[in-house]
Amino acid sequence: MLGAQGMPIPLTDPSVRRAMDAMAPLQAWTLDQQVSICEIPAPPFKEQARAEEFRRRMIGFGYADTRIDSEGNVIAEIGRGDGPTVLISGHLDTVFPEGTEVRTTRTGDRIAGPGIGDDCRGLAVVLTLAKVLKEQRLEPKGRLILVGNVGEEGPGNLRGVRHLFTKEFPGKIDYFISVDGAGGGAITSRAVGSHRYLVSFEGPGGHSYGAFGMANPMHAMGRAIANIADIQVPTRPKVTFNVGIVRGGTSVNTITPLAQMEVDMRSESATELAAIDGRIRAAIDAGAAAERARWPNSRAGITVRFDTIGIRPTGGQSDDAPIVRTAWAAVEALGWLPATVASSTDANLPIAMGIPAITINGGGASTGAHGTEEAYRELPDSYKGPQLALLIVAALAGVAR
Ligand SMILES: [Zn+2]
């Protein structure tokens, strides 16, 4: 891939150079930001305390107008407004429920704690970028919106970025960059979309002996799961499905009136995602129909209800898109190895809307995301995370003279 169609990376610009040089000595400071913000709990829909602290820090760096919008996103701005508008964000929320122990433990260059990589690293990168831009008086030619957003993880269903793109800045954002997690030069350029449903099988229920002979919601669900398990899917583009949770039942000798399961399906192709959605629904309906047919003399029916838990949109974005080429060139300029990947991130939403968007890594390395054993490893060149964000932002938004 050639960088020719991306924006030129302003490596020789003296003010960009100064800002780049200021970031390496800040490596330990960046890590402190990451650790301290991470020790403030931020369960889904309960990001307020972390948001307030993020806002307080941004004001401390000189972004006096930093605000929290009605959805809970923290928003600061810098730039002349004489060029493209770029929004860069890390997500405030974690997957961990209230009450999870969020204190971190440090062993050498390894720090363990829930969310330490995903996405306290991203937040620390945005904070570092914000601080250095002010300190080095590096002003974007266009407009740069620096954000700590809510609602990236599953339950949030992208509510933070959805609000940004539809309510706060509709039609105004030219480029979106999410900094999500630790790592090097991999650029998420394609969006893995997902559909998630809570499926409920319902019937009158009854005594397992006395009422025997009626269709059984639990058995219907079992048939549906067996049908789903047999579905064949393409590998390119990748299509996946999963029954992740089953629940229901009253006692061993009760025909349960309610059985439920949670189903997830994913693909980076909108067409394939729609196709697997249809096949999963058909498999479930066929399971219920087979259970009804098993008991032709029973007047007790079975109903199936779909409740949407999450819809993550997907959409096409070429690896030749200027934002992807620009990020690729910036990764190369830092001496990292570039690659493009497909993933499910905040960038899904703008990509589905046709707005150029990527997700980048924040430097360092991490393991165990979404588990309480999550750990972040500081590497000698972790400072390149903030540098990467700076180079991409400077290339896309330009530098004021
Ligand atoms: Zn994340």
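Does the chain classify as rounded, prolate or oblate by the C-alpha gyration tensor (a ≥ b ≥ c root eigenvalues; a/c under 1.5 gives rounded; else a/b over b/c gives prolate, otherwise oblate)? Since a/c reaches 1.5 and a/b is larger than b/c, the shape of the chain is classed as prolate. The Cβ shell under 11 Å around residue 215 holds other residues with a net charge of +2, Lys and Arg each +1, Asp and Glu each -1. Sorting the segments 342-355, 100-113, 263-276, 387-400 by their residues' average number of neighbouring beta-carbon atoms within 10 angstrom, most packed first, yields 387-400, 342-355, 263-276, 100-113. Between 0 and 90 degrees, the angle of helix 384-397 with respect to the longest Cα principal axis of the chain falls at about 80 degrees.
Here the spin labels are modelled as points 7 Å beyond Cα on the Cα-Cβ line, and at residue 401 and residue 198 they lie 5.9 nm apart.
Site pair residue 172 and residue 370 shows an inter-label distance of 3.4 nm when each label is modelled 7 Å from Cα along Cα→Cβ. The gain in end-to-end length when the residue 208 to residue 297 segment is fully stretched comes to 30.4 nm, 0.36 nm per residue minus the alpha carbon separation. Over segment 129-281, the hull volume per residue, using the convex hull of the C-alpha atoms, is 182 Å³.
Local charge for residue 397 was computed over the other residues whose Cβ lies under 12 Å away, with Lys and Arg +1 and Asp and Glu -1, and equals -1. From the largest down, segment 141-199 spans 50, 32, 19 angstrom on the principal axes of its Cα atoms. Using the Cβ-Cβ distance between residue 106 and residue 381 with R0 set to 25 Å, the FRET efficiency from 1/(1 + (r/R0)^6) comes to roughly 0.80. Each Lys or Arg adds one and each Asp or Glu subtracts one; over the other residues with Cβ under 11 Å from the Cβ of residue 67, this totals -3. For the chain, the longest principal axis of the alpha carbon atoms and the long axis of helix 217-229 meet at an angle near 50°.
Between the helical axis of 27-38 and the longest alpha-carbon principal axis of the chain there is an angle of about 30 degrees. So if we plug the beta-carbon distance of residue 232 and residue 306 into 1/(1 + (r/R0)^6) with R0 = 30 Å, what FRET efficiency do we get, rounded to 0.05? Efficiency, rounded to the nearest 0.05: 0.85. Can you tell me, using C-alpha contacts under 8 Å and at least 6 residues apart, the relative contact order of the chain as a whole percent? Reported relative contact order: 26 percent. Using only side-chain charges placed at the Cβ, +1 for Lys and Arg and -1 for Asp and Glu, the dipole size of segment 193-312 relative to its Cα centre rounds to 80 debye. Think of each Lys and Arg Cβ as +1 and each Asp and Glu Cβ as -1; about the Cα centre, that makes the dipole of segment 151-221 roughly 140 debye. Rounded to the nearest 20 debye, the dipole magnitude of the chain is 440 debye, with +1 charges on Lys and Arg beta carbons, -1 on Asp and Glu beta carbons, and the Cα centre as origin. Modelled spin-label separation between residue 286 and residue 251, with each label point placed 7 Å from Cα along the Cα-to-Cβ direction: 3.7 nm.
Counting only DSSP beta bridges with both residues in the chain, the antiparallel share comes to about 70 percent. Summary of packing: across the peptides 244-251, 30-37, the per-residue average of other C-beta atoms within 10 Å ranks them, highest first, as 30-37, 244-251. Stretched out straight at 0.36 nm per residue, the stretch from residue 45 to residue 32 would grow longer than its current Cα-Cα span by 2.2 nm. For segment 62-145, the antiparallel share of DSSP beta bridges with both residues in that region comes to about 70%. In this calculation the C-beta distance from residue 258 to residue 18 is compared with R0 = 51 Å, giving a FRET efficiency of 0.20. Based on the Stokes-Einstein relation at 4 °C and a viscosity of 1.567 mPa s, and on the Kirkwood radius from alpha carbon pairs, segment 193-312 is assigned a translational diffusion coefficient of 87 µm²/s.
Any read-out appearing in this document is the output of simple, stated calculations on the displayed coordinates, not a laboratory observation. None of the values given here were measured: they were computed from a predicted structure. Heads up, the Cβs are rebuilt from the backbone with ideal geometry, glycines too, and the neighbour counts pull from every protein chain shown.
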